[in-house]
1. Taking amide H positions as placed in the peptide plane 1.01 Å from N, state which residues far from G35 in sequence (5 or more) or on other chains have amide H under 5 Å from it.
2. If I fit a long axis through the Cα atoms of helix 162-179 and take the longest principal axis of the Cα atoms of the chain, what angle between them do I get, 0 to 90°, rounded to 10?
3. Output ³J(HN,Hα) for the range 149-155: one whole-Hz value per residue in order, computed from phi by the Karplus curve 6.51 cos²θ - 1.76 cosθ + 1.60 with θ = phi - 60°, and x for Gly and Pro.
4. Rounded to a whole number, what % of the accessible area of the range 26-145 do carbon and sulfur atoms account for, probe 1.4 Å?
5. Once you have the Kirkwood Rh of the range 76-153 from its Cα pairs, apply Stokes-Einstein at 20 °C and 1.002 mPa s and quote D in µm²/s.
6. To test your reading of the geometry: what angle, between 0 and 90 degrees and rounded to tens, separates the Cα axis of helix 131-148 from the longest principal axis of the chain?
7. Sort the following peptides by mean Cβ neighbour count (other Cβ atoms within 10 Å, averaged over residues), highest first: 133-141, 44-52.
8. Rolling a 1.4 Å sphere over the protein heavy atoms, what is the accessible area per residue of the range 2-179, to the nearest Å²?
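The values are calculated or read from the model by the stated rules, or taken from the named source; none is laboratory data. Keep in mind that what you see is a predicted model, and the values were worked out from it rather than measured. We place every Cβ from the backbone using ideal geometry, glycine too, and count neighbours over all the protein chains shown. The area values use the complete protein model at the heavy-atom level, side chains included, leaving out ligands, DNA and RNA. Shrake-Rupley method; radii C 1.70, N 1.55, O 1.52, S 1.80 Å.
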Amino acid sequence: MKVSINQSTLVLVEGDITKEETEALVNAANDRLAGGGGVDGAIHQAGGPQIMAECRIIGCCPTGQAVITTAGNLKARFVIHAVGPIYTGGAKHEPQLLASAYRESLHLASRYGLKSLSFPSLSTGAYGYPLEEAAEIALTTVISYLREHPEINTVRFVLFNRATFDVYCKVLSRRLNLVE
Ligand code: AR6
């Protein structure tokens with residue numbers, strides 16, 4: 001699914017983020033930048049040890065924030081390590097922290113002059129965020145950023161399986177019908 005947001009393009013695809021050819025991939029990292037499973041494991045495995053070496057120098061990243069490294073052997077130039085919240089019911093600022101993780105990733109991309117980036121569905125694997133609520137926050141945050149930042153041409157959401165892709169498509173269709 002592909003939609004225009006002012007001069008920019010927002011794309012939803014089903015796939016593996018490590019294969020992306022955008023300038024930056026966003027990693028679903030933890031606050032110690034320590035690596036792990038899921039997207040994090042896949043990115044470090046495909047990108048090689050250079051990425052972890054840079055993460056160790058940076059040290060850590062608070063929840064809701066993002067940091068940037070180069071991308072080792074990946075096709076992308078950079079990896080933006082975003083730390084989404086662990087979901088514990090929604091009363092611990094999880095929605096704000098999830099929105100912030102997306103926004104801070106986009107800010108980093110703008111600051112580095114990047115025109116394209118790819119996101120996974122942050123926090124919806126090991127961190128347990130309910131998928132539809134997370135998709136709502138992810139898409140709303142990215143759409144409002146693109147409306148004000150035409151310097152970013154393309155944002156792709158790379159969803160790992162059909163069920164996740166379908167939920168993102170449903171939420172995006174609903175949003176566009178509401179606001180366009
Ligand atoms: N490409 C795209 N999406 C993927 C891929 C991939 N290669 N692999 C998994 N996903 P998760 P979180 C999907 O658990 O919930 C790690 O251990 C997955 O199906 O990767 O933010 C970190 O070190 C799900 O939809 O991230 C942290 O400790 C989505 O990516 C913690 O997990 C996010 O799942 C972060 O947890």
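1. Long-range HN contacts for G35: N30.
2. So the inclination is approximately 50 degrees.
3. The phi angles translate into 9, x, 5, 8, 7, 9, 10 Hz.
4. Working: 2780 of 5040 Å².
The value for the range 26-145 is 55 percent carbon and sulfur by accessible area.
5. Values: Rh = 12.9 Å.
For the chosen part, D equals 166 µm²/s.
6. So the helix axis and the longest Cα principal axis differ by about 90 degrees.
7. On the way: 133-141: 21.3, 44-52: 17.0.
Highest mean packing first, the order is 133-141, 44-52.
8. Working: 8010 Å² over 178 residues.
About 45 Å² of surface per residue is accessible.
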